[in-house]
Amino acid sequence: MKISGFNKTTLLDYPGKVAATIFLAGCNFRCPFCHNSSLVLHPAMQPEFSQEEILKFLTKRRGILDGVCISGGEPALAPELSDFLCKIKDIGYEIKLDTNGSRPDVIKSLVKNKLVDKIAMDIKACPDNYRALTGLKHPDMESIRESVDFLLEGNVDYEFRTTVVKELHTEKDFREIGGWIKGAKAYYLQAYRDSEEVLQPGFSSYTREELESFRTLLLQTIPLVEIRGID
Ligand code: SF4
């Protein structure tokens with residue numbers, strides 16, 4: 001497990017909490033719009049933080065911070081993840097895991113062992129469009145569906161979210177996602193934001209009005225749909 005990024009304080013990554021975010025290097029997806037491309041493509045070249053220094057910091061900040069967000073890359077790939085989360089739990093933090101949903105076995109085990117308090121899972125697109133959005137020829141939709149189903153069962157607090165990219169998503173995606181995650185507790189449409197770190201440059205965002213029209217469509221089947229990241 002390689003910790004390659006550490007944000008000491010955020011109000012954004014763990015909604016409702018003052019949190020620190022830990023970024024683990026490496027990912028099994030190649031989403032063209034990914035804005036953490038160096039973590040995904042060149043994990044060996046990234047800086048490394050030791051678990052000890054992170055745990056020491058979190059111990060010192062107990063009472064000031066109240067949550068830890070584990071992000072990436074794809075954190076569920078890290079073999080030492082559960083041991084590390086166990087140590088963070090021992091300090092007394094609530095933990096949110098950001099995941100692409102490709103490792104339902106890991107998600108289930110972390111929930112079973114009470115090592116995560118919230119899971120934010122990406123819904124990259126409607127199932128037919130997963131190839132384009134993940135950059136994989138054969139995305140493992142069975143695993144993705146298993147993760148979705150597990151979260152929909154309400155075993156743990158969760159949210160689904162989609163980074164919406166004008167060149168990659170159409171209304172069809174949201175029509176189908178509305179059926180797929182029907183009744184979900186919360187679903188966020190995140191406007192794409194360009195950055196120098198993006199894996200494949202050249203994408204843009206829908207307007208607020210266009211995102212609102214997707215939201216209206218989704219509200220037919222999902223009680224809470226919100227838009228993030230656009231004025
Ligand atoms: S967006 Fe997430 S799942 Fe996709 S390549 Fe980047 S880190 Fe991996």
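The values are calculated or read from the model by the stated rules, or taken from the named source; none is laboratory data. Here the structure is a predicted model, which is why all the values come from computation and not from measurement. Neighbour counts run over all protein chains shown; Cβ positions are idealised from the backbone, glycine included. Only protein heavy atoms, including side chains, enter the accessible area calculation; ligands, DNA and RNA are left aside. Shrake-Rupley method; radii C 1.70, N 1.55, O 1.52, S 1.80 Å.
Which of the peptides 134-140, 23-29 is most tightly packed, and how do the rest follow, judged by the mean count of other Cβ atoms within 10 Å per residue?
Descending packing order for the listed peptides: 23-29, 134-140.
Below 8 Å between Cα atoms, with a sequence gap of 6+, how large is the relative contact order for region 3-165 in percent?
Answer for region 3-165 is 22 percent.
What is the local net charge at GLU212, summed over the other residues whose Cβ is closer than 15 Å to its Cβ (Lys, Arg +1; Asp, Glu -1)?
Around GLU212, the surrounding residues sum to -1.
Of the accessible area of region 3-165, with the probe set at 1.4 angstrom, what percent is carbon plus sulfur?
Ligands and nucleic acids excluded, carbon and sulfur give 49 percent.
Enter the accessible area per residue of the chain (Å², integer; probe 1.4 Å; all protein chains in place).
Result: 47 Å² of accessible area for each residue.
Need the C-alpha centroid separation for region 45-94 versus region 154-181, integer Å.
With region 45-94 and region 154-181 each reduced to a Cα centre, they are spaced 28 Å.
Output the peptides 188-195, 5-12 sorted from most to least packed, where packing is the average of other Cβ atoms within 10 Å over each peptide's residues.
Top to bottom by mean Cβ count within 10 Å: 188-195, 5-12.
Tell me which residues come under 5 Å, amide H to amide H, from LYS2 once H is placed; ignore anything under 5 positions away on its chain.
Placed amide hydrogens put ALA25 under 5 Å from LYS2.
Would you mind pulling out the separation of the Cα centroids of region 119-145 and region 1-28, in Å?
22 Å
Let me check I've understood the local charge: for GLN200, count other residues with C-beta under 13 angstrom from its C-beta, Lys and Arg +1, Asp and Glu -1. What total comes out?
Here the charged neighbours net out to -3.
Which whole-Hz couplings ³J(HN,Hα) result when phi for each residue of region 92-103 is put into the Karplus expression 6.51 cos²θ - 1.76 cosθ + 1.60, θ = phi - 60°, listed in order with x for Gly and Pro?
Values, residue by residue: x, 8, 7, 10, 10, 10, 9, 8, 8, x, 7, 10 Hz.
With respect to the cross-link table entries LYS87/LYS172; LYS137/LYS166; LYS17/LYS112; LYS60/LYS185, which display a Cα-Cα separation exceeding 32 Å?
Correct reply: LYS87/LYS172; LYS60/LYS185.
Sort 46-53, 15-22 by packing, meaning the average of other beta carbons within 10 Å per residue, with the highest value first.
15-22, 46-53
Going by amide H atoms built from the backbone, whose H comes under 5 Å of the H on TYR158, apart from near neighbours?
ILE119
Let me have the 222 nm mean residue ellipticity of the chain computed from DSSP H runs of 4+ only, each contributing -39500 (n - 2.57), with the sum over all residues rounded to the nearest 500.
-9000 deg cm²/dmol
Could you work out the local net charge near THR59, counting Lys and Arg as +1, Asp and Glu as -1, over the other residues with Cβ closer than 13 Å to its Cβ?
Net charge around THR59: +3.
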